[in-house]
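See structure below.
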Amino acid sequence: MADDENQPSPQPSPLKRERVRRKSQITNHKHTLRESLSRFDIREKESLSKHTSFQIGGPVDFWIEPRSHEELAELLRISREYGQPLYLIGGGNNMLIEDEELRGIAVHLANPAFRNVEVLEGNRIRAGAGTDLSQLLTWTAEKGLSGFEFLAGVPGTIGGAIWMNAGRGILKDSRQSSVVSRQKTEIQHHHIGEVVESVTLMQESGKIKTLAKNEIEFGYRHTKLPSGIILETILQLTPGDPDQIRERVRENLKTKIKTQDLYFPSAGCVFKNPSNSKKSSGQLIEETGLKGVRVAQAQISERHANFIINRSNASAQDVLTLVRLAQHKVKEEYGIQLELELKVIRSSRRAHGGLVQ
Ligand SMILES: Cc1cc2nc3c(=O)[nH]c(=O)nc-3n(C[C@H](O)[C@H](O)[C@H](O)COP(=O)(O)OP(=O)(O)OC[C@H]3O[C@@H](n4cnc5c(N)ncnc54)[C@H](O)[C@@H]3O)c2cc1C
């Protein structure tokens with residue numbers, strides 16, 4: 001018999017025992033969480049790069065497309081009960097999601113239960129939050145309803161557009177008239193809030209609340225709403241000739257294609273335009289000489305300096321390095337702090353779970 005067979009096996013240290021206990025607790029916890037989610041249509045370790053316009057983002061524990069309002073309320077409850085963060089992903093066109101695994105549940109409102117649209121009396125429409133914005137524009141044009149053609153070419157869902165108060169500067173007159181005078185170069189800024197009559201959202205408790213326009217604050221690329229998930233909106237539009245509406249949509253799309261970098265994956269403008277400068281963020285970044293600068297496969301666009309593009313397989317870290325570089329240079333040269341328009345999604349470590357916004 002070998003000597004060491006008679007030796008008592010060494011006791012694991014208290015630290016190691018605690019680590020093993022915690023690991024098995026987490027495994028059991030995950031197991032029961034998985035059981036609670038089993039009645040949903042779930043995808044585990046779904047890569048979020050498939051769901052963002054940047055084509056960047058690590059895998060999330062659970063990807064779920066709820067089939068009803070009840071399922072959505074149940075997910076909010078489960079996320080709190082199990083201390084799992086819940087992230088709402090619209091079209092993913094204004095998001096930079098970190099490369100590492102995202103702990104928790106990503107919810108996407110692609111099911112028809114969240115995409116219904118209907119015309120209401122008085123030139124109004126009701127649209128589910130998951131409705132694609134460009135499809136909604138085509139549909140309202142067909143119905144002879146006008147009011148948000150300025151959003152032509154802005155990718156995403158109507159829920160995302162409201163959360164962000166999506167908007168655009170367009171040539172004056174091109175919103176109301178199909179004939180855009182090339183002499184008039186004055187830019188008018190419009191945002192979705194202008195046509196919103198009400199927004200209905202599900203609060204974290206699962207309670208549904210409708211807010212009228214006068215209860216909502218529409219800011220620059222930001223809407224002040226109570227924490228919750230937008231379920232639907234009512235838009236107040238105006239009657240118009242379908243051909244003229246379509247013409248305005250085409251005009252607005254054309255200028256977007258001309259001025260923005262749509263050849264590579266991106267999330268559109270990275271920074272808000274500063275309120276304390278006559279220059280746009282794009283101009284400021286361009287003047288610091290950063291146009292075209294690359295970090296691995298991420299690049300400050302040569303066409304539009306407020307765009308960061310993913311040339312192929314860029315990481316969130318690469319993009320963030322460029323973000324910090326642009327902020328640093330603009331601050332150093334102009335004393336202006338560029339503020340992100342882009343939403344950066346990081347794995348939430350908070351223990352109580354719930355909606356991360
Ligand atoms: C090429 C390109 C051009 C762009 N041009 C413009 C432009 O001209 N003007 C402009 O304003 N934006 C522009 N964007 C940015 C983007 O299209 C808008 O911000 C758009 O409104 C985002 O919608 P989304 O559904 O993709 O939202 P996401 O990117 O999925 O989400 C954005 C934020 O909204 C939240 N959110 C989404 N849906 C809901 C919901 N139902 N309830 C609660 N919160 C929700 C998300 O949690 C997140 O915080 C551009 C983007 C790209 C890629």
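Please go through segment 290-302 and give me each residue that is touching a helix residue (DSSP H, G or I) at 6+ places or on another chain (Cβ under 8 Å) and in a loop (DSSP other than H, G, I, E, B), ordered by number. Answer for segment 290-302, where residues must be touching a helix residue (DSSP H, G or I) at 6+ places or on another chain (Cβ under 8 Å) and in a loop (DSSP other than H, G, I, E, B): Leu290, Lys291, Val293, Ala296, Gln297.
Among the residues that make up segment 304-312, is at least one of them surrounded by fewer than 21 Cβ atoms within 10 Å (Cβ to Cβ), away from the ligand (no atom under 16 Å from the Cβ) and either outside any loop (DSSP other than H, G, I, E, B) or at pLDDT below 95 (or both)? No - not one qualifying residue is present in segment 304-312. Restricting to segment 319-341, and then to whatever is buried (at least 21 other Cβ atoms within 10 Å of the Cβ) and of a type outside the set (Val, Ile, Thr), can you tell me which residue is farthest from the chain's Cα centre (by Cα)? Here the answer is Ala326. Residues that are at pLDDT below 95, under 19 Å from Val330 (Cβ atoms) and of a type in the set (S, T, N, Q) within segment 252-279 comprise Ser275, Asn276, Ser277, listed in sequence order.
Every condition in (1) in the same structural domain as Ile229 (by TED's automatic domain parsing); (2) crowded, with 21+ Cβ neighbours inside 10 Å; (3) not hydroxyl-bearing (Ser, Thr, Tyr) is met by Val119 except one, and the failing one is (2). On the stretch given as segment 117-132, residues that are touching a residue at least 40 places away in the same chain (Cβ under 8 Å) and either among the hydrophobic types (A, V, I, L, M, F, W, C) or within 16 Å of the ligand (Cβ to nearest atom) (or both) total 8. Among the criteria (1) touching a helix residue (DSSP H, G or I) at 6+ places or on another chain (Cβ under 8 Å); (2) surrounded by fewer than 21 Cβ atoms within 10 Å (Cβ to Cβ), the one Glu65 does not fulfil is (1).
Conditions tested, residue by residue: (1) more than 15 Å from the ligand (Cβ to nearest atom); (2) farther than 24 Å from Ile336 by Cα.
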residue	(1), (2)
Leu235	no, yes
Gln244	yes, yes
Glu251	no, yes
Lys272	no, no
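Okay, residues lined up against (1) free of Cβ contacts under 8 Å to residues at least 60 places away in the same chain; (2) touching a Phe, Trp or Tyr at 6+ places or on another chain (Cβ under 8 Å); (3) not assigned by TED's automatic domain parsing to the domain that holds Gly147:
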position: Arg221; (1), (2), (3): no, no, no
position: Pro226; (1), (2), (3): yes, no, no
position: Leu231; (1), (2), (3): no, yes, no
position: Leu235; (1), (2), (3): no, yes, no
position: Thr238; (1), (2), (3): no, no, no
position: Asp241; (1), (2), (3): no, no, no
position: Arg246; (1), (2), (3): no, no, no
position: Val249; (1), (2), (3): no, no, no
position: Lys254; (1), (2), (3): yes, no, no
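The values are calculated or read from the model by the stated rules, or taken from the named source; none is laboratory data. It should be emphasised that the depicted structure is a prediction, and the values quoted were computed from it without experimental measurement. Virtual Cβ from ideal backbone geometry, glycine too; neighbours counted across all protein chains shown.
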